[in-house]
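Engineer: Here it is, the structure in full.
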Amino acid sequence: LALEENSETLMDLLTGHVLTSDPVVLAEDLECDGSIPMLNGEDTTTFCGDGSNKYQVGIGNGLIGQDESKLPEIVATDLFACNGVIHEVNNVIYPMSV
């Protein structure tokens, strides 16, 4: 993806990990089946799996018949930074273009 001809796809992938909302979204604001608008213009969905696991999935991740181990699980929340809050996921949130 780091090639010049893939720059648009790479930008779409990276901006699919950045929220457009203000104020910031904290872990307590993430609701099961709730949608969050991302900077790339697509929404991601908070998916609640078995137990207390939560995932933030893009359109490209899909859910039907998906093995939860392949979904982007939210593994750390409310990491405060100078420009917002970070929620760490352990996999890629895929937009429709990837």
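Engineer: List the pairs whose first member sits in region 42-70 and is part of a strand (DSSP E or B), whose second member is among the small types (Gly, Ala, Ser) and open to solvent by less than 50 Å² (accessible area, probe 1.4 Å), and whose Cβ atoms are under 9 Å apart, counting only residues at least 6 apart or on separate chains?
Structural biologist: Asp43/Gly58; Thr44/Gly16; Thr44/Gly58; Thr45/Gly34; Thr45/Gly58; Thr46/Gly34; Lys54/Ala27; Tyr55/Gly49
Engineer: Considering only region 1-32, state which residues are assigned to a loop (DSSP other than H, G, I, E, B), open to solvent by 50 Å² or more (accessible area, probe 1.4 Å) and modelled with pLDDT of 90 or more.
Structural biologist: His17, Val18, Glu31, Cys32, listed by residue number.
Engineer: Tell me which of these Ser97 doesn't satisfy, since it passes every other one: (1) modelled with pLDDT under 90; (2) surrounded by fewer than 14 Cβ atoms within 10 Å (Cβ to Cβ).
Structural biologist: The one condition Ser97 does not meet is (2).
Engineer: Could you run through region 52-86 and say how many residues are charged (D, E, K, R) and either under 11 Å from the mean Cα position of the chain (by Cα) or surrounded by 16 or more Cβ atoms within 10 Å (Cβ to Cβ) (or both)?
Structural biologist: 2
Engineer: Give the number of residues within region 34-51 that are open to solvent by less than 30 Å² (accessible area, probe 1.4 Å), touching a helix residue (DSSP H, G or I) at 6+ places or on another chain (Cβ under 7 Å) and within 18 Å of Leu14 (Cα to Cα).
Structural biologist: Count: 1.
Engineer: Just to be sure I understand the filter: pairs with C-beta atoms under 7 Å, separated by 6 or more residues or on different chains, first member in region 9-23 and of a type in the set (Asp, Glu), second member assigned to a loop (DSSP other than H, G, I, E, B). Which pairs pass?
Structural biologist: Asp12/Asn40; Asp12/Pro95; Asp12/Ser97
Engineer: Now, a different point. In region 43-88, which residues are under 18 Å from Pro23 (Cα atoms), out of contact with any Gly (no Cβ under 9 Å at 6 or more places or on another chain) and either modelled with pLDDT of 90 or more or not small (Gly, Ala, Ser) (or both)?
Structural biologist: Thr77, Asp78, Leu79, Phe80, Ala81, Cys82, Asn83, Val85, Ile86, His87
Engineer: Now for a different question. Are any of the residues in region 56-75 in contact with a strand residue (DSSP E or B) (Cβ under 8 Å, 6 or more places away or on another chain) and basic (Lys, Arg)?
Structural biologist: Checking region 56-75: not a single residue is in contact with a strand residue (DSSP E or B) (Cβ under 8 Å, 6 or more places away or on another chain) and basic (Lys, Arg).
The values are calculated or read from the model by the stated rules, or taken from the named source; none is laboratory data. What you see is a predicted model, and the numbers here were worked out from it, not measured in a lab. Virtual Cβ from ideal backbone geometry, glycine too; neighbours counted across all protein chains shown. Only protein heavy atoms, including side chains, enter the accessible area calculation; ligands, DNA and RNA are left aside. Shrake-Rupley method; radii C 1.70, N 1.55, O 1.52, S 1.80 Å.
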